[in-house]
Amino acid sequence: MPRRLGGSVAVVGIGHTVQGELPDLTAEQIAVDAARAALADAGLTRTDLDGLISCKSVQGDGGDVATGKLLGVNLPYVQTLDYGTCNFSLHLAVGAIHAGLAETILLTYGANARSRKVDFGAPVYGVDLAEAAGLVHIAGRAGLALQRHKALYGTTDEQFGMLAVGQRQWAAHNPNAIFTKPLSMEDYLAQPYLVAPLRRADITMISDGGVAIVVTTAERARELRQPAVYISGIAEHAGIRGEHNPENLMRPWLREAAGAIWAATGLGPDDIDALYIQDPTALWSLQMLEYYGFCGLGEGGPFLAEGHTLPGGRLPLNTHGGQLSESYTWGWLHVVEAVRQLRGQAGERQLDAPAIAMYCSSHGFVKAAASILATSPDVGR
């Protein structure tokens with residue numbers, strides 16, 4: 001069980017490139033552009049760092065050696081995560097700081113999959129029965145999982161479509177978002193299925209872009225430029241038995257990560273002011289709303305239909321537009337948005353004085369992770 005962090009580590013810098021197409025740049029160059037922005041945001045330079053965690057993007061680039069060379073740094077602590085979606089990278093940084101391996105760590109992500117026209121029609125988890133059946137992208141399994149949810153609980157297309165429609169409403173106020181054109185429910189239902197019953201708006205676009213985050217100790221954070229955003233709790237759980245897990249399409253092991261994050265912080269769903277869910281497909285949001293306890297199991301459809309996650313609702317979800325409307329970036333911009341909201345720097349989409357934000361993510365059908373961020377170091381003690 002994760003121990004309580006007590007706000008001992010904080011996010012002090014965030015930065016990103018424009019999102020969309022960045023031709024003629026490597027993933028590492030894109031990551032370094034974002035890194036410079038994050039360091040400037042924190043009021044730091046590369047000489048203030050003693051750690052670097054890079055994230056290999058889907059095309060296999062973005063390693064720490066190449067990124068470090070471009071930054072021009074030699075550092076005591078350097079790591080690369082093969083699947084470093086921001087929660088996993090963030091958790092590694094927290095562990096390194098607690099172990100005394102580093103004090104101020106730069107986390108980087110860069111991708112140019114769109115410009116390079118990377119083929120996503122390839123096996124995700126190696127060759128298995130699902131791949132042999134043609135389910136070579138997470139959307140295939142996600143489509144089956146949504147069919148299962150509809151069969152078990154009566155979830156309708158209109159209910160599920162509230163996720164894509166809502167993300168577009170939030171993105172309309174985000175200058176960084178790629179998809180900002182209004183999407184009505186009628187527009188959504190008129191879209192043909194891409195992987196039935198998922199429509200195009202239910203699945204992330206593929207975009208180029210870079211994101212970087214700087215984390216440090218709470219003590220050092222108090223000396224820096226930006227208001228500190230404290231990491232109140234972290235948790236992970238892996239369902240790596242894969243299809244040996246009963247109902248693995250429904251990803252029931254998500255509830256283990258949920259139980260761990262609530263136990264690690266002493267908080268509950270009602271304490272969360274802003275929720276961020278990594279959403280390469282909208283199904284992820286539906287499942288995590290239920291497993292993390294924001295509504296009951298099987299009640300996600302009616303919960304969404306009541307408008308709780310929309311602008312003005314009681315549970316703001318992905319206030320930047322998420323991966324469905326803002327950009328791809330493996331969920332890294334979810335943490336950037338959470339930090340902006342807690343700092344009060346989100347512009348037209350700014351919520352009313354949020355104090356606690358939560359980010360839930362997953363690696364397809366095998367891993368889950370969650371983090372809680374707060375404006376006070378006392379949250380989660």
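The values are calculated or read from the model by the stated rules, or taken from the named source; none is laboratory data. All values reported here derive from a predicted model rather than from experimental measurement. Positions of Cβ are generated from backbone atoms using ideal geometry, with glycine treated the same way; all protein chains shown enter the neighbour counts. Just so you know, the surface numbers come from the protein's heavy atoms only, side chains and all, with ligands and any DNA or RNA stripped out. Shrake-Rupley method; radii C 1.70, N 1.55, O 1.52, S 1.80 Å.
Confirm whether LEU106 is under 23 Å from ALA368 (Cα atoms), touching a strand residue (DSSP E or B) at 6+ places or on another chain (Cβ under 6 Å) and open to solvent by less than 10 Å² (accessible area, probe 1.4 Å).
yes
Among the small types (Gly, Ala, Ser), buried (at least 24 other Cβ atoms within 10 Å of the Cβ) and within 21 Å of GLY268 (Cβ to Cβ) - does that describe any residue in region 347-361?
Yes: one or more hits.
Identify all residues within region 297-341 that are open to solvent by 10 Å² or more (accessible area, probe 1.4 Å) and in a helix (DSSP H, G or I); write none if there are none.
Those that are open to solvent by 10 Å² or more (accessible area, probe 1.4 Å) and in a helix (DSSP H, G or I): PRO302, PHE303, ALA305, TRP330, ARG340.
Just to check your reading of the model, which residue among ALA96, ALA34 is crowded, with 23+ Cβ neighbours inside 10 Å and part of a helix (DSSP H, G or I)?
ALA34
In region 247-296, what residues are in a helix (DSSP H, G or I) and small (Gly, Ala, Ser)?
Passing the criteria: ALA257, ALA258, GLY259, ALA260, ALA263, ALA264, ALA282, SER285.
Could you tell me how many of the residues in region 45-77 are within 19 Å of VAL12 (Cα to Cα), β-branched (Val, Ile, Thr) and crowded, with 19+ Cβ neighbours inside 10 Å?
Within region 45-77, residues that are within 19 Å of VAL12 (Cα to Cα), β-branched (Val, Ile, Thr) and crowded, with 19+ Cβ neighbours inside 10 Å number 1.
If only one of THR217, THR204 is open to solvent by 10 Å² or more (accessible area, probe 1.4 Å) and modelled with pLDDT under 95, which one is it?
When all the criteria are applied, what remains is THR204.
Restricting attention to region 192-213, does a residue exist that is β-branched (Val, Ile, Thr), out of contact with any Phe, Trp or Tyr (no Cβ under 7 Å at 6 or more places or on another chain) and under 30 Å from ARG3 (Cβ atoms)?
Among the residues of region 192-213, at least one is β-branched (Val, Ile, Thr), out of contact with any Phe, Trp or Tyr (no Cβ under 7 Å at 6 or more places or on another chain) and under 30 Å from ARG3 (Cβ atoms), which makes the answer yes.
Under 9 Å by Cβ, and 6 or more places apart or on different chains, what pairs join a residue from region 5-32 that is within 17 Å of HIS334 (Cβ to Cβ) and among the hydroxyl-bearing types (Ser, Thr, Tyr) with one that is open to solvent by 10 Å² or more (accessible area, probe 1.4 Å) and not in a loop (DSSP other than H, G, I, E, B)?
Hits for this filter: THR17/ASP33; THR17/ALA37.
For GLY62, indicate whether it is at pLDDT below 90, in contact with a Gly (Cβ under 6 Å, 6 or more places away or on another chain) and of a type in the set (Gly, Ala, Ser).
Answer is yes for this residue.
Identify, from the list GLU28, GLU21, the residue that is open to solvent by 20 Å² or more (accessible area, probe 1.4 Å) and under 22 Å from TYR83 (Cβ atoms).
GLU28
For region 232-284, what are the residues that are under 17 Å from LEU144 (Cβ atoms), in contact with a Ser or Thr (Cβ under 8 Å, 6 or more places away or on another chain) and not aliphatic (A, V, I, L, M)?
ARG251, PRO280, THR281, TRP284
Considering only residues of region 259-274 that are within 20 Å of PRO316 (Cβ to Cβ) and touching a Pro at 6+ places or on another chain (Cβ under 7 Å), which is least open to solvent (accessible area, probe 1.4 Å)?
ALA274
Given GLY233, GLY154, which one is farther than 30 Å from LEU135 by Cβ, in contact (Cβ under 8 Å) with a residue 40 or more places away in the chain and open to solvent by less than 60 Å² (accessible area, probe 1.4 Å)?
Going through GLY233, GLY154 in turn, just one is farther than 30 Å from LEU135 by Cβ, in contact (Cβ under 8 Å) with a residue 40 or more places away in the chain and open to solvent by less than 60 Å² (accessible area, probe 1.4 Å): GLY233.
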